[in-house]
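The values are calculated or read from the model by the stated rules, or taken from the named source; none is laboratory data. As the structure is a prediction and not an experimental result, all values here were calculated from the model. In this analysis, Cβ positions are derived from the backbone assuming ideal geometry, glycine residues included, and neighbour counts consider all displayed protein chains.
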Amino acid sequence: MTKRGTTDTQSGKQKRRTAADATAPANPSPGQTVERTVADRLPALIERQGTEPTAEVHVTDEGVEVIEALAARGNSAATIAKHLGIGDKTLQRLRAKDERVANAWTAGRGALEDELVGHLLTAARKGNIAATIFALKSMAGYSDNPRPKEDRPPAITINLPGSMSEEAYLKMINVTPEEADV
């Protein structure tokens, strides 16, 4: 499978569409019928500043929407990166560097969490005991282990030796061969 993108000649940015487009010629001649793939109709999800593999990557607005949608579906970061046509470490760097990408990830995962909590509560309300117990433990702080009756910190005692006289201290730290006990 080859990866194909288009390069904007004015800005020099490469726009990657998908990982499956390999049939359409870049510059069809007049009157030539070109079969377009689905990839030709999709918007670019990322832009590279150059053509080399180490070129800086920017996520387009459409790419940000894809990140949020896939995160909400529960896809892993590696799967989302694959959909964008980048590596998972690149996506991780983009999440740290680009606020739009980080917000899309957070919003998608938040939507997923809301959906899952809704399913959990629905199951608990229908009498599912395991769901009820899990909901109480995870949302209400219930525990199988009872708390101690007293919530006071343990008493800690530190015993320090008495102070030394100056002469005793100097004798203790002065280790010279002349005064050493034989």
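Miscellaneous remarks
- Flag for Arg109 being part of a helix (DSSP H, G or I), modelled with pLDDT of 90 or more and under 17 Å from Ile46 (Cβ atoms): no
- Tabulated pairs, region 55-78, first polar (S, T, N, Q), second modelled with pLDDT under 95 and in a loop (DSSP other than H, G, I, E, B), C-beta under 9 angstrom, 6+ apart or interchain: Thr60/Pro43; Thr60/Ala44; Thr60/Leu45
- Among the conditions (1) modelled with pLDDT of 85 or more; (2) outside any helix (DSSP H, G or I), the only one that Gly162 does not satisfy is (1).
- Qualifying helices (runs of 4 or more DSSP H) (wholly inside region 1-100; at least 2 residues being of a type in the set (Asp, Glu) and either touching an Asp or Glu at 6+ places or on another chain (Cβ under 7 Å) or at pLDDT 90 or above (or both)): 61-73
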